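Beneath this line is the structure, given in structure tokens, with notes to follow.
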Amino acid sequence: MIYESASDWRNAPQKRVLLFAMSGLGKTYLSKMLRDTGDWFHYSIDYRIGTRYMGEKIADNAKREAMKVPFLRELLRSNSIYIGSNISFDDLKPMSSYLGKPGDPAKGGLAWDEYTMRQDQFQAAEVAALYDTGSFIDRAVDLYQYPNFICDTGGSICEWVNADDPNDPILRDLSAKTLMVWIEGTDAHTAELIRRFDKEPKPMSYDPAFLLGTWQAYLTAFDVAPDQVDPDDFIRWAFAKALAHRQPRYKAMADKWGITVPQDAVAKVKDTEGFVGMIADALEMRG
């Protein structure tokens with residue numbers, strides 16, 4: 001790791017951290033808090049995906065829907081109106097709407113082949129955005145003169161890496177440039193994430209093998225045809241399984257490539273001093 005001890009971390013003139021965890025455990029909270037101090041550059045993987053790598057696809061999808069409305073169709077064809085994605089650090093809905101959910105088209109579902117194609121696009125985009133981390137570390141210093149750097153990753157980072165492989169290209173690249181920090185939740189946090197997701201199910205990205213197995217298991221368990229699946233019901237069902245699927249992957253990443261901080265400690269961090277102290281404590285615990 002780039003910081004071998006708590007003293008190394010505290011004395012480092014440039015602090016570089018990458019946060020990973022399931023959505024809702026505090027990655028963006030910490031990143032925004034540090035960014036607002038004026039001393040930290042906030043690099044959001046999801047924002048990079050939605051602007052650099054999938055922005056055109058997201059906008060084209062919105063235009064495709066608009067073309068179904070005769071009034072908007074004529075305005076688009078004559079270049080009289082513009083449709084774009086207004087994605088932001090705080091609002092990633094345009095990207096979620098593009099990823100979509102599989103199932104009954106009458107309920108807004110996508111055909112399985114279309115859904116998995118978009119999943120593949122997202123995977124390629126996320127991997128590219130992760131590899132961009134190093135260049136943004138350099139830009140943060142050279143262009144914007146930020147002394148410190150925080151990378152806020154998406155929850156699906158664990159889907160594209162193999163923590164047990166010491167030569168995993170993504171993890172080798174990221175761990176050489178940042179301190180990788182896992183925010184670990186408790187069973188109570190997991191229950192709250194499921195409750196929150198059940199209230200407002202959102203599209204997610206999954207490892208293709210896991211996704212296919214989950215889809216086939218759902219079709220069998222509920223004896224339903226692919227084009228009759230309730231999209232929200234499937235996404236809720238898959239999310240609960242994804243939490244169990246991802247937990248050991250996150251843990252392996254932290255054990256072999258970084259450190260772990262408990263979510264309860266994250267909730268207590270209110271300023272840079274608290275954040276630096278939390279990381280120092282985790283480095284001491286790791287030994």
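The values are calculated or read from the model by the stated rules, or taken from the named source; none is laboratory data. The structure displayed is predicted, hence computed values, not measured ones. Cβ atoms come from the backbone with ideal geometry, glycine included; neighbour counts cover every protein chain shown. For the accessible areas, the whole protein counts, side chains as well, though only heavy atoms, and no ligand, DNA or RNA atoms are used. Shrake-Rupley method; radii C 1.70, N 1.55, O 1.52, S 1.80 Å.
A few comments on the model shown:
- Meets criteria (closer than 27 Å to I235 by Cα, of a type outside the set (F, W, Y) and open to solvent by less than 30 Å² (accessible area, probe 1.4 Å)) for G134: no
- Taken over the stretch 30-54, the criterion of being open to solvent by 10 Å² or more (accessible area, probe 1.4 Å), farther than 21 Å from K268 by Cα and in a helix (DSSP H, G or I) is satisfied by D46, Y47, R48, T51, R52, Y53.
- Residue within the stretch 259-277 that is within 23 Å of D165 (Cα to Cα) and free of Cβ contacts under 8 Å to residues at least 12 places away in the same chain present: no
- The stretch 252-281, residues that are in contact with a strand residue (DSSP E or B) (Cβ under 6 Å, 6 or more places away or on another chain) and over 15 Å from G185 (Cα atoms): W257, G258, M278
- Residue check, T116 in contact with a Pro (Cβ under 9 Å, 6 or more places away or on another chain), within 25 Å of G26 (Cα to Cα), open to solvent by 10 Å² or more (accessible area, probe 1.4 Å) and of a type in the set (V, I, T): no
- In the stretch 195-207, residue farthest from L99 (Cα to Cα) [restricted to those that are open to solvent by 60 Å² or more (accessible area, probe 1.4 Å) and either part of a helix (DSSP H, G or I) or touching a Ser or Thr at 6+ places or on another chain (Cβ under 8 Å) (or both)]: R195
- Unique match (being surrounded by 19 or more Cβ atoms within 10 Å (Cβ to Cβ) and in a helix (DSSP H, G or I)) among A221, A267, A238, A252: A238
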